[in-house]
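Student: Quick one: the structure is below, questions incoming.
The values are calculated or read from the model by the stated rules, or taken from the named source; none is laboratory data. Treat the numbers as computed from the prediction; the structure is a model and nothing was measured. Because the Cβ atoms are built from the backbone with ideal geometry, glycine has one as well, and the counts that use them run over all protein chains shown. Note: areas computed on protein heavy atoms with side chains; ligands, DNA, RNA excluded. Shrake-Rupley method; radii C 1.70, N 1.55, O 1.52, S 1.80 Å.
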Amino acid sequence: MKNVVVVFCVVVMAMFGMNVVQATVGDGVAYATLDGSVSSWDQADTVGKTSTVLALMDGVFAGERITHTYIRFDMPTLAPGEYFESATLKIFSTGFWCWTSDPWTTQAAFRVWKNNDWTSATNWPTQPTKFQLLAWPLTNDGDLIDTQYYGKDTDNSWLSWNVLSAMESGVALGLVMDVDRDYTGGGGGIWMNAIETEAGPRIEYTIVPEPVTISLLLVGSVLGLRSRRTN
């Protein structure tokens with residue numbers, strides 16, 4: 001009877017096409033190949049300007065000063081049947097500032113957008129049009145990837161954003177980061193390490209193969225084994 005039950009389970013699995021997920025191909029890291037910040041105050045500064053610091057500012061502090069950060073990555077080329085299972089943008093924050101009286105209870109909304117329409121020569125006036133606007137909110141054309149909320153308690157730590165939806169095999173990934181000024185929980189900005197440092201921006205990802213379906217040949221072999229045992 002035990003043999004019959006085992007055979008029955010295997011046959012049912014095969015008939016309904018039950019998938020078996022193979023072992024993970026592996027984890028990897030893509031390091032930024034280009035990064036930089038542009039500002040509504042220092043409008044001549046370009047993305048390619050050498051600096052060890054990246055910045056995000058929401059414009060309330062010191063007038064209408066707004067700072068965006070641009071980051072580019074080269075994505076690995078996947079083999080047929082592979083896909084990205086996870087992908088996390090990680091940036092090391094060296095400090096959080098805010099314009100409220102109690103910085104320890106304030107958070108800001110830091111956003112990541114997918115956009116490749118920029119180069120190392122991009123500055124405030126030449127960045128994609130919607131990011132030049134001082135008026136909020138920015139139009140979301142489906143390119144907003146993730147929003148995370150950070151405050152003073154994240155000083156000197158790695159910050160993370162989920163960028164899985166933006167990952168493409170073998171395609172350069174351009175990201176734009178800003179602060180959501182409409183967030184009612186507070187406001188502020190962060191300073192972050194650039195690629196000129198050892199703890200520069202990176203994307204940590206996991207690649208796995210597509211699930212494979214059990215071959216119906218397995219059914220035949222199992223049934224054959226059962227037949228031999230019952231004879």
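Student: Going residue by residue through the stretch 12-30, is there one that turns out to be at pLDDT below 95 and under 26 Å from Asp180 (Cβ atoms)?
Tutor: Scanning the stretch 12-30, I find no residue that is at pLDDT below 95 and under 26 Å from Asp180 (Cβ atoms), so the answer is no.
Student: Can you pull out the residues in the stretch 121-161 that are charged (D, E, K, R) and farther than 17 Å from Val176 by Cβ?
Tutor: Matches in the stretch 121-161: Lys152, Asp153, Asp155.
Student: For Gly63, are the conditions met, namely being touching a strand residue (DSSP E or B) at 6+ places or on another chain (Cβ under 9 Å), of a type in the set (Gly, Ala, Ser) and either open to solvent by less than 10 Å² (accessible area, probe 1.4 Å) or modelled with pLDDT under 95 (or both)?
Tutor: When the stated conditions are applied, Gly63 does not pass them.
Student: Check off (1) free of Cβ contacts under 8 Å to residues at least 60 places away in the same chain; (2) over 17 Å from the mean Cα position of the chain (by Cα) for Asp180 and give me the number that stays unchecked.
Tutor: The failed condition is (1).
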